[in-house]
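Below is one structure; the comments refer to it alone.
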Amino acid sequence: MRLAILGAAGMIGRKLAERIAASGKIGGRSVTALTLVDVIAPDVAKDFAGTRDAFAADLAAPGAAEQIIAARPEIIVHLAAIVSGEAEADMAKGYRVNLDGTRALLEAIAGVDDYCPRVIYASSLAVFGAPFPAKIPDAYHLTPLTSYGTQKAMGEMLLNDYSRRGLVDGIGIRFPTICIRPGKPNKAASSFYSGILREPLNGQEAILPVDDDTRHWFASPRAAVGYIEHAADLDTAPLGAQRCMTMPGVSATVGEQIEALRAVAGDAAVALIRRIPDPAVAAIVSGWPRDFDTARANALGFVAETSFQEIIEIYLEDEMGQKAQIGAPL
């Protein structure tokens with residue numbers, strides 16, 4: 001079976017590709033051929049035992065989508081996007097990459113006879129904007145308040161429609177904010193959520209631009225890869241016409257994040273957090289959802305962490321090679 005990962009140079013794409021290279025599988029399905037695509041040629045999964053194609057392509061460019069699907073991958077994981085802060089700062093780029101690229105992919109697939117791949121589409125909590133219930137139910141309507149959220153909502157609608165017509169077999173995954181992201185901060189407005197934990201765990205100062213009572217929905221990179229693996233095997237018949245759903249996660253305030261950091265790494269780590277308010281970031285974050293009822297995804301077998309302390313412990317294990325000793329400073 002051939003699998004294509006679009007956005008394979010990004011954090012989740014890299015982790016997914018490396019996991020497939022190590023196991024030779026996605027979920028319970030054997031992968032014999034791997035296509036890896038990003039705007040830079042992905043330098044990942046080089047030890048994959050099967051056929052590996054890695055190349056640079058801009059999904060929204062003419063002919064790029066056709067090149068990607070030429071080998072007719074049975075599963076396509078569509079992670080390619082520009083993130084929230086960048087999409088808000090550059091509206092035209094956001095629509096070209098996040099909307100036009102998605103439509104180009106679906107149109108290219110639709111143009112191939114007798115071809116209906118599983119398309120796993122990475123969506124976002126940004127499809128919901130205030131006002132909304134304190135705990136957003138599965139059937140709540142999409143209410144984006146940013147260009148990024150609007151682009152992702154449009155992608156969800158396209159995925160539903162192309163799936164309804166039998167052109168693709170789509171599953172839309174609304175990722176929680178993924179935390180703790182390894183590496184350096186990106187241009188997402190949510191980047192600080194990882195930074196206030198990652199930097200102190202590495203002995204570095206971090207900037208907190210919002211109030212401690214700011215609440216949000218989180219999951220680890222390990223959970224993010226797990227969502228995709230589970231979606232690869234999932235029977236989509238129970239989804240009906242609504243192919244997109246919010247993934248399980250942990251609802252936590254910034255203050256609760258900090259206390260989880262204190263429990264794992266001690267007061268010295270917490271002392272590295274500097275509170276410098278940023279009204280622009282606070283304005284974006286204030287319109288984001290805080291908590292979800294994910295009964296639909298739970299019933300279908302998607303899982304995530306159950307506490308923020310667990311998310312920190314996963315970062316220590318996966319990125320720093322450490323096992324946390326609760327209450328003992330690192």
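Only one of ALA241, ALA237, ALA223, ALA252 is over 22 Å from ASN98 (Cβ atoms) and touching a Gly at 6+ places or on another chain (Cβ under 9 Å); which?
Working: ALA241 fails: touching a Gly at 6+ places or on another chain (Cβ under 9 Å); ALA237 fails: touching a Gly at 6+ places or on another chain (Cβ under 9 Å); ALA252 fails: touching a Gly at 6+ places or on another chain (Cβ under 9 Å).
Every option except ALA223 fails the conditions.
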Quick check on my filter: what residues within segment 263-289 are surrounded by fewer than 19 Cβ atoms within 10 Å (Cβ to Cβ) and part of a loop (DSSP other than H, G, I, E, B)?
GLY266, ALA271, LEU272, ILE276, PRO277, ASP278, GLY287
Collect the residues in segment 122-139 that are surrounded by fewer than 13 Cβ atoms within 10 Å (Cβ to Cβ) and in contact with a helix residue (DSSP H, G or I) (Cβ under 9 Å, 6 or more places away or on another chain), keeping them in residue-number order.
ALA130, ALA139
Only one of ALA60, ALA41, ALA9 that is part of a loop (DSSP other than H, G, I, E, B), under 25 Å from ILE178 (Cα atoms), modelled with pLDDT of 95 or more and in contact with an Asp or Glu (Cβ under 6 Å, 6 or more places away or on another chain):
ALA9
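Out of everything in segment 243-262 that is assigned to a helix (DSSP H, G or I) and among the aliphatic types (A, V, I, L, M), what residue ends up being surrounded by the most Cβ atoms within 10 Å (Cβ to Cβ)? I'd like the intermediate steps shown before the answer.
Just the residues of segment 243-262 that are assigned to a helix (DSSP H, G or I), to begin with: 254-262.
So of that shortlist, the ones also among the aliphatic types (A, V, I, L, M) come out as 254, 258, 260-261.
Details: VAL254: 22, ILE258: 20, ALA260: 20, LEU261: 24.
Per the stated criteria, the residue is LEU261.
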LYS152 meets each of (1) at pLDDT below 95; (2) within 30 Å of ILE314 (Cα to Cα) with one exception, condition (1)
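I'm trying to understand the selection: among the residues of segment 232-242, which are surrounded by 15 or more Cβ atoms within 10 Å (Cβ to Cβ) and in a loop (DSSP other than H, G, I, E, B)? Walk me through how you get there before you give the answer.
Kept after step one, since they are surrounded by 15 or more Cβ atoms within 10 Å (Cβ to Cβ), are these residues of segment 232-242: 232, 234, 239.
LEU234 - this is the single residue of segment 232-242 that is surrounded by 15 or more Cβ atoms within 10 Å (Cβ to Cβ) and in a loop (DSSP other than H, G, I, E, B).
Starting from residues that are of a type in the set (A, V, I, L, M, F, W, C) and either surrounded by fewer than 16 Cβ atoms within 10 Å (Cβ to Cβ) or on the phi > 0 side of the Ramachandran plot (or both), keep the ones in segment 305-330 and report whichever is modelled with the highest pLDDT. Before you say what the answer is, go through the steps one by one.
If we filter segment 305-330 for residues that are of a type in the set (A, V, I, L, M, F, W, C), which is where we start, we get 308, 311-312, 314, 316, 320, 324, 326, 328, 330.
If we keep only those that are either surrounded by fewer than 16 Cβ atoms within 10 Å (Cβ to Cβ) or on the phi > 0 side of the Ramachandran plot (or both) as well, we get 320, 326, 328.
Working: MET320: 92, ILE326: 43, ALA328: 47.
Across segment 305-330, the extreme among qualifying residues is MET320.
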When restricted to ALA108, ALA87, ALA104, ALA92, the only residue part of a helix (DSSP H, G or I), in contact with an Asp or Glu (Cβ under 6 Å, 6 or more places away or on another chain), of a type in the set (A, V, I, L, M, F, W, C) and farther than 20 Å from MET247 by Cβ is ALA108
Going through segment 105-121 in order, the residues found to be surrounded by fewer than 20 Cβ atoms within 10 Å (Cβ to Cβ) and in contact with a helix residue (DSSP H, G or I) (Cβ under 6 Å, 6 or more places away or on another chain) are ALA108
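Being of a type in the set (Lys, Arg), surrounded by 17 or more Cβ atoms within 10 Å (Cβ to Cβ) and within 30 Å of ALA189 (Cβ to Cβ) narrows it down to one of ARG52, ARG96, ARG2, so name that one. Walk me through it before giving the result.
On the way: ARG52 fails: within 30 Å of ALA189 (Cβ to Cβ); ARG2 fails: within 30 Å of ALA189 (Cβ to Cβ).
Exactly one of ARG52, ARG96, ARG2 is of a type in the set (Lys, Arg), surrounded by 17 or more Cβ atoms within 10 Å (Cβ to Cβ) and within 30 Å of ALA189 (Cβ to Cβ), namely ARG96.
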Answer yes if at least one residue in segment 14-23 is among the hydroxyl-bearing types (Ser, Thr, Tyr), in a strand (DSSP E or B), at pLDDT 95 or above and surrounded by fewer than 20 Cβ atoms within 10 Å (Cβ to Cβ), and no otherwise.
no
Can you tell me which residues in segment 202-224 are within 15 Å of ILE311 (Cα to Cα) and surrounded by fewer than 22 Cβ atoms within 10 Å (Cβ to Cβ)?
ARG222
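Listed here are the residues, each with its yes/no results for (1) free of Cβ contacts under 8 Å to residues at least 40 places away in the same chain; (2) among the polar types (S, T, N, Q); (3) closer than 18 Å to ARG165 by Cβ.
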{"position": "ALA104", "(1), (2), (3)": "no, no, yes"}
{"position": "PHE132", "(1), (2), (3)": "no, no, no"}
{"position": "LYS135", "(1), (2), (3)": "no, no, no"}
{"position": "HIS141", "(1), (2), (3)": "yes, no, no"}
{"position": "PRO144", "(1), (2), (3)": "yes, no, no"}
When residues of segment 258-304 are filtered for being under 25 Å from ALA122 (Cα atoms) and either modelled with pLDDT of 95 or more or not charged (D, E, K, R) (or both), how many remain?
23
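Residue-wise test of (1) in contact with a Gly (Cβ under 9 Å, 6 or more places away or on another chain); (2) in contact (Cβ under 8 Å) with a residue 60 or more places away in the chain; (3) more than 24 Å from MET91 (Cα to Cα).
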residue	(1), (2), (3)
MET154	no, no, no
MET157	no, no, no
GLY170	no, yes, yes
CYS179	no, yes, yes
LYS187	yes, yes, no
ILE196	no, yes, yes
GLU199	no, yes, yes
THR214	yes, yes, yes
TYR227	no, yes, yes
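The values are calculated or read from the model by the stated rules, or taken from the named source; none is laboratory data. No experiment lies behind these values; they were computed from the predicted model shown. Backbone-built Cβ (ideal geometry, glycine too); neighbour counts: all protein chains shown.
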